[in-house]
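First the structure, in the form of structure tokens, and then the observations on it.
What follows draws every value from the coordinates through simple rules; no lab data is involved. Being a predicted model, the structure only gives us computed values, none of them experimental. Note that we place each Cβ from the backbone using ideal geometry, even for glycine, and neighbour counts take in every protein chain shown.
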Amino acid sequence: MADQEKGKGFLTMFLVMVFVTLAIAFAIAVWVPGEPTLKLRLAITYGLLILIFLFGFVVLAAIASNKIDISDLLEEDTGGASTSRFQLLIFTFVIGLSFVLIVACNCKFPDVPTNVLALLGISASTYGVSKGIQAAAKNGNTVQKDGSSGTPGQTT
Amino acid sequence: MRFLVAAAYWQTVILLGGFFAVVLWKLFTGGISLNGLLDGDVRDPNSADGFSSEASAGRAQSIILTLFVALWYLLQVIHNPKEFPRLPNTMVGVLAGSQVLYLGGKARAMLSGQLRNLFK
């Protein structure tokens with residue numbers, strides 16, 4: 001029942017966002033002076049810009065108000081925060097912020113050096129391999145439930 | 001057209017900055033838990049799920065190096081925001097080595113008992 005109400009709420013919000021976008025695009029197309037093709041281009045561009053902003057803002061507001069729960073963002077399956085997730089989050093934010101700064105300064109899509117790609121590759125691979133090790137260990141543990149596989153003193 | 005560019009710029013800044021701020025806020029207020037960030041899992045036959053947690057040097061060095069490289073990179077971008085800064089190959093190598101060390105330690109601690117049993 002609560003899920004249904006939540007779904008209706010999101011649908012209403014989505015329709016309001018689309019309506020606002022169309023209204024602004026229509027206003028630009030009708031009242032802004034200029035060539036018809038330019039007006040059409042401006043209407044579509046502003047419309048998309050506003051729609052993307054509204055989508056992003058709704059997601060942001062939902063995260064801030066805990067409607068979208070991100071409390072387990074860094075959580076491992078076995079409990080406790082995960083180093084591999086933490087470093088992936090840090091590098092994603094750093095590269096993302098750098099990208100915005102560089103685009104804002106140059107007004108063009110920047111060249112991405114190979115060692116930046118390597119940095120992201122290392123970070124993402126670490127996360128992937130870490131998940132693989134965890135899955136393998138968990139799998140092995142369920143098979144060998146006799147408990148004779150412990151190696152005390154070695155930590156991850 | 002200039003207004004469109006400015007609007008797109010501020011939109012990105014508000015959304016990305018907002019996501020960054022919300023995640024950072026939740027990290028600092030405990031909304032996203034960092035408990036056990038430096039604790040590694042170790043195979044433990046006496047535990048209910050087969051694993052227990054202990055402080056891990058591998059995780060500590062990985063986090064320290066990650067924060068160092070991330071901060072260095074961010075400072076370089078702030079200093080010269082015209083292009084992506086070139087990372088020295090040594091730094092990429094050291095970071096890769098650090099992650100391999102962390103993953104090797106993790107694999108050893110979580111899988112070595114399993115492998116040993118395989119050869120019994």
Least to most buried among A:Ile44, A:Ile122, A:Ile90, by other C-beta atoms within 10 Å and fewest first, runs A:Ile44, A:Ile90, A:Ile122
Any residue on another chain or 5+ positions along whose placed amide H is under 5 Å from the amide H of B:Phe51 is listed here as B:Asp44
With Cα springs under 10 Å, the Gaussian network model of chain A assigns the largest mean-square fluctuation among A:Asn106, A:Asn139, A:Asn66 to A:Asn106
Phi angles of the range A:10-27, converted by Karplus (6.51 cos²θ - 1.76 cosθ + 1.60, θ = phi - 60°) into ³J(HN,Hα) in whole Hz with x for Gly and Pro, give 5, 5, 4, 4, 4, 5, 4, 4, 5, 5, 4, 4, 5, 5, 5, 4, 5, 4
From fewest to most C-beta neighbours within 10 Å, the residues A:Ser65, B:Ser98 line up as A:Ser65, B:Ser98
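What's the lysine pair count for the protein assembly as shown at a Cα cut-off below 14 Å, pairs eight or more apart or interchain? Please report the intermediate quantities before stating the final value.
On the way: A:Lys6/A:Lys67; A:Lys67/B:Lys26; A:Lys108/B:Lys82; A:Lys131/B:Lys106; A:Lys138/B:Lys106.
Summing the qualifying lysine pairs gives 5.
Mind checking which helices in chain B clear 30 Å along their axis (Cα) and have mean Kyte-Doolittle hydropathy of 0.5 or more, DSSP H runs only? Don't jump to the answer; show the numbers that get you there.
Working: long enough: B:2-29 (39 Å, 1.48); B:57-79 (33 Å, 1.32); B:89-118 (40 Å, 0.40).
Those that pass (Cα extent of 30 Å or more, hydropathy at least 0.5) are B:2-29, B:57-79.
Using a 10 Å Cβ count of at most 13 others and DSSP loop calls, identify the longest part of chain A lacking such trypsin sites (Lys or Arg not before Pro). Write down the numbers at each step before the final one.
On the way: sites that count: A:Lys67, A:Lys108, A:Lys145.
That would be A:1-66.
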Shape call for chain B, from the Cα gyration tensor axes a ≥ b ≥ c (a/c under 1.5 means rounded, otherwise prolate when a/b beats b/c, else oblate), comes out prolate
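Taking R0 as 41 Å, what's the FRET efficiency between A:Thr37 and A:Asn115 from their Cβ-Cβ distance, rounded to 0.05?
Values: r = 43 Å, r/R0 = 1.06.
Between A:Thr37 and A:Asn115 the formula returns 0.40.
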Ordered by fewest other Cβ atoms within 10 Å, a rough proxy for footprinting exposure, B:Val22, A:Val30, A:Val18 read A:Val30, A:Val18, B:Val22
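Could you work out Rg/(2.2 N^0.38 Å) for the protein assembly as shown, with Rg from alpha carbons only? Walk me through the numbers on the way to the answer.
Details: Rg = 24.1 Å, N = 276, 2.2 N^0.38 = 18.6 Å.
For the protein assembly as shown, the normalised Cα radius of gyration comes out at 1.29.
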Expected vector for the range A:110-122, Karplus 3J(HN,Hα) from phi with 6.51, -1.76, 1.60 and θ = phi - 60°, integer Hz, x for Gly and Pro, equals x, 6, 9, x, 5, 6, 6, 5, 4, 4, 5, x, 4
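Evaluate the relative contact order of chain A (contact order divided by residue number), counting alpha-carbon pairs under 8 angstrom at least 6 apart; express in whole percent. Mind dumping the intermediate values first?
Values: 57 pairs, mean separation 20.1, N = 156.
Here the relative contact order equals 13 percent.
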Once amide hydrogens are built 1.01 Å from N within the peptide plane, the residues lying 5 or more places from B:Gly36 or on another chain with amide H under 5 Å from its amide H are A:Ala81
Applying the gyration tensor rule to the Cα atoms of chain A (axes a ≥ b ≥ c; rounded if a/c under 1.5, else prolate if a/b exceeds b/c, else oblate), the class is oblate
Dividing the mean separation of Cα pairs under 8 Å (6+ apart) by the residue count of chain B yields a relative contact order in percent of 21 percent
Here the whole-number average of other chain Cβ atoms within 10 Å per Cβ of B:17-23 is 5
Averaged over the residues of B:1-9, the number of partner chain Cβ atoms within 10 Å of each residue's own Cβ comes to 3
